[in-house]
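J.: Encoded as structure tokens, here's the structure I'll be asking about.
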């Protein structure tokens, strides 16, 4: 049973529970509870033939919104689109997905991951199941202490970076922390310029007044990629992009020295050999560079919550550049591959700065001896992160040399670079059927 909280309304919406009464029939029941009193304030039932199940499910969602006093017309276009979309019409896949949600709510993330992966196997176009499968940790969280530790880590990471309104998807937070990443959930401008007038509530994205970008503390966007071998011998590749303060991302004459916060996530060059492989000047005059730390396993260090990450591979790759502090709010732009670790990169990334939409179109590249092509996907960049962090799963694509490439189980992230987003930093982790491969690349407007 999945619970969604509406803090402003003070109510909870309990998701629809489907039970097959017969082989060809279904029963659905919903309830809406006031969170403070547990008093029922709405709900409904539907029954019918399996063929009408998904239509009935949508009808109940719309009815629940009506009980909450929310009209479809009042919702943003992207929210309405997601509500109206049928994520799957495969009943068996939907059943696996529902079992996954139940397991997730109980902290049984390993079981949930298996259910979501089975849902994608039954319906390869079930993108939502693929996204949740990727976000699930491989271990369960059953104790209160573990739950509190994960939430505390996410909250500390957010507040340490000057962020507000922490909203945590627990399973994603734990997955990120376990893979050596920092949990980032929304931030704001420096306190001197952060107030209600700097936001556009009708669109829920930052609309900074002209010139306000100069009052932001300067930050660096950094992309990282490395591999970990778990105790069973399986190698997992990790890649991500993020935004850091200047004291959290330091460089010297031979490249990146360290990035991160020692209390949460940090990588340090230590005794590894360092080399800057390339750099690119953006239109605004800032530069993005990329390089490696290359040595035997363990010469550089990665720590999560102060504890060392073991089983590191021999190479660490990075991209670093000036993080955008003042995102455009009008117009569109197209970004093309400009340099990094994705060989023979092609395709484009289009951005709609009005609606904050990111569109990956026919991306292609070679990575670790594998050829990826026709990669497409969409995302919405964050409204509360100055450099517009975005994350998504591919909707389609192919791979030459992969055992069983899964686009919907493969993820990409990005942050914008330079003044007024004149470039962007891109990372990707791809599921090949024999584990994962990862890479980083810079794109130029």
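The values are calculated or read from the model by the stated rules, or taken from the named source; none is laboratory data. For clarity, every value in this text was computed on a predicted model and none was experimentally measured. Every residue, glycine as well, gets a Cβ built from its backbone with ideal geometry; the counts of neighbours run over all protein chains shown.
J.: Would you point out the residue of region 410-429, among those that are in contact with a helix residue (DSSP H, G or I) (Cβ under 9 Å, 6 or more places away or on another chain) and surrounded by 23 or more Cβ atoms within 10 Å (Cβ to Cβ), that is nearest to residue 124 (Cα to Cα)? Don't jump to the end; show me each part of the working.
T.: Taking region 410-429 as the starting set, the residues that turn out to be in contact with a helix residue (DSSP H, G or I) (Cβ under 9 Å, 6 or more places away or on another chain) are 410-411, 419-420, 429.
Then drop every residue that is not surrounded by 23 or more Cβ atoms within 10 Å (Cβ to Cβ), which leaves 410-411.
Numbers: 410: 12, 411: 15 Å.
The extreme case among them is 410.
Results for (1) closer than 21 Å to residue 64 by Cα; (2) within 19 Å of the chain's Cα centre (by Cα); (3) modelled with pLDDT of 85 or more, shown as yes or no for each residue.
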| residue | (1), (2), (3) |
| --- | --- |
| 82 | yes, yes, no |
| 87 | yes, yes, no |
| 90 | no, no, no |
| 107 | no, no, no |
| 111 | no, no, no |
| 114 | no, no, yes |
| 121 | no, no, yes |
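Every residue, every condition in (1) closer than 22 Å to residue 439 by Cβ; (2) at pLDDT below 85; (3) surrounded by fewer than 15 Cβ atoms within 10 Å (Cβ to Cβ), yes or no:
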{"position": "230", "(1), (2), (3)": "yes, yes, yes"}
{"position": "240", "(1), (2), (3)": "yes, no, no"}
{"position": "252", "(1), (2), (3)": "no, no, yes"}
{"position": "256", "(1), (2), (3)": "yes, no, no"}
{"position": "261", "(1), (2), (3)": "no, yes, no"}
{"position": "275", "(1), (2), (3)": "yes, no, yes"}
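J.: Also, I was wondering about something else. List pairs: first residue in region 104-126 and at positive phi, second residue part of a loop (DSSP other than H, G, I, E, B) anywhere in the structure, Cβ distance under 9 angstrom, at least six positions apart or on different chains.
T.: Within 9 Å, the pairs are 107/140; 107/141; 107/142; 107/143.
J.: Assuming residue 416 fulfils every condition listed in (1) free of Cβ contacts under 8 Å to residues at least 24 places away in the same chain; (2) closer than 25 Å to residue 287 by Cα apart from one, which condition is it?
T.: It is condition (1) that residue 416 fails.
J.: Let me ask something else about it. All but one of (1) assigned to a helix (DSSP H, G or I); (2) out of contact with any strand residue (DSSP E or B) (no Cβ under 8 Å at 6 or more places or on another chain); (3) at pLDDT below 70 hold for residue 53; which doesn't?
T.: All conditions are met except number (2).
J.: Also: Show the residue pairs meeting these rules: Cβ distance below 7 Å; 6+ apart or different chains; first residue within region 357-373 and closer than 17 Å to residue 411 by Cβ; second residue outside any strand (DSSP E or B).
T.: 358/381; 365/342; 367/342; 370/401; 370/402; 370/432
J.: Just checking, which of 43, 18 is at pLDDT below 65, crowded, with 16+ Cβ neighbours inside 10 Å and more than 25 Å from residue 395 (Cα to Cα)?
T.: On the way: 43 fails: at pLDDT below 65.
Testing whether each residue is at pLDDT below 65, crowded, with 16+ Cβ neighbours inside 10 Å and more than 25 Å from residue 395 (Cα to Cα) leaves just 18.
J.: Residues that are assigned to a strand (DSSP E or B), over 23 Å from the mean Cα position of the chain (by Cα) and on the phi > 0 side of the Ramachandran plot: does region 244-265 have at least one?
T.: yes
J.: Still on this structure, please answer the following. I'm trying to understand the selection: among the residues of region 344-358, which are on the phi > 0 side of the Ramachandran plot and buried (at least 17 other Cβ atoms within 10 Å of the Cβ)?
T.: Of all residues in region 344-358, those on the phi > 0 side of the Ramachandran plot come to 344, 347, 356.
Across region 344-358, the qualifying residues are 347, 356.
J.: Please enumerate the residues belonging to region 67-77 that are surrounded by 12 or more Cβ atoms within 10 Å (Cβ to Cβ) and either in contact with a helix residue (DSSP H, G or I) (Cβ under 9 Å, 6 or more places away or on another chain) or under 25 Å from residue 355 (Cα atoms) (or both). Talk me through it step by step, then tell me what you get.
T.: Applying the first criterion (surrounded by 12 or more Cβ atoms within 10 Å (Cβ to Cβ)) to region 67-77 yields 67-68, 70, 72, 75-76.
The answer is 70, 72, 75, 76.
J.: A further question on this structure: Give 316, 365, 341 a once-over and let me know the one that is closer than 17 Å to residue 255 by Cα, buried (at least 21 other Cβ atoms within 10 Å of the Cβ), under 22 Å from the mean Cα position of the chain (by Cα) and at pLDDT 95 or above.
T.: Working: 316 fails: at pLDDT 95 or above; 365 fails: closer than 17 Å to residue 255 by Cα.
After applying the criteria, what remains is 341.
J.: Which numbered condition trips up residue 404, out of (1) out of contact with any strand residue (DSSP E or B) (no Cβ under 7 Å at 6 or more places or on another chain); (2) crowded, with 16+ Cβ neighbours inside 10 Å?
T.: (2)
J.: Any residue at all in region 370-391 that is over 25 Å from residue 220 (Cβ atoms), modelled with pLDDT under 95 and not in a strand (DSSP E or B)?
T.: Looking through region 370-391, none of the residues is over 25 Å from residue 220 (Cβ atoms), modelled with pLDDT under 95 and not in a strand (DSSP E or B).
J.: Right, here's the next one. Looking only at region 319-337, count how many residues are on the phi < 0 side of the Ramachandran plot and more than 23 Å from the chain's Cα centre (by Cα). First the steps, then the outcome.
T.: Going residue by residue through region 319-337, those that are on the phi < 0 side of the Ramachandran plot are 319-330, 332-337.
From the residues that got through so far, the ones that are more than 23 Å from the chain's Cα centre (by Cα) too are 330.
Qualifying residue count for the region: 1.
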